[in-house]
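What follows is one structure encoded as structure tokens, with my remarks underneath.
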Amino acid sequence: MISIEKKLKKIFSVIFLIKEKNIKQSSSIKNIKKWDSLNHVKLIMAIESKFNISIDPEESLQFISFGQILKYLKKK
């Protein structure tokens, strides 16, 4: 079984065009150059699809780092 963290890293890698090994808990909107509003929407949509969940648009605005999103997904 693939871990939540591994699945999320794969999504980040595809959306932001970065290597999975370079994705850290601290990877965030501040230090990922390609993390703009369009890619944020793509990220949320990919997470919803991969994890078969629905994320409230207001809640998604709080997702500003890999670690924060991972913590959210582990609670689901």
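The values are calculated or read from the model by the stated rules, or taken from the named source; none is laboratory data. Predicted model only: the values in this text are computed from it and were never measured. Methodologically, a virtual Cβ is constructed for each residue, glycine included, from the backbone with ideal geometry; neighbour enumeration extends over all protein chains shown. Just the protein is used for accessible areas: all its heavy atoms, side chains included, with ligands, DNA and RNA removed. Shrake-Rupley method; radii C 1.70, N 1.55, O 1.52, S 1.80 Å.
In angstrom, the C-alpha Rg and Dmax of region 30-76 are 10.3, 28.
Please name whichever of Ile64, Ala46, Ser27 sits farthest to the positive end of the charge dipole of the chain, dipole taken about the Cα centre and charges placed at Cβ: Lys and Arg +1, Asp and Glu -1. Checked the options; the winner is Ser27. Legend: Rg and Dmax of region 3-66, from Cα coordinates, 10.9, 30 Å.
Annotation: per residue accessible area for the chain equals 69 Å², rounded to a whole number [probe 1.4 Å, protein chains only]. The apolar share of the surface of the chain, taken as the fraction of accessible area on carbon and sulfur atoms (1.4 Å probe, ligands and nucleic acids excluded), comes to 55 percent.
Between the beta carbons of Leu17 and Lys75, assuming R0 = 22 Å, the FRET efficiency works out to 0.20 to the nearest 0.05.
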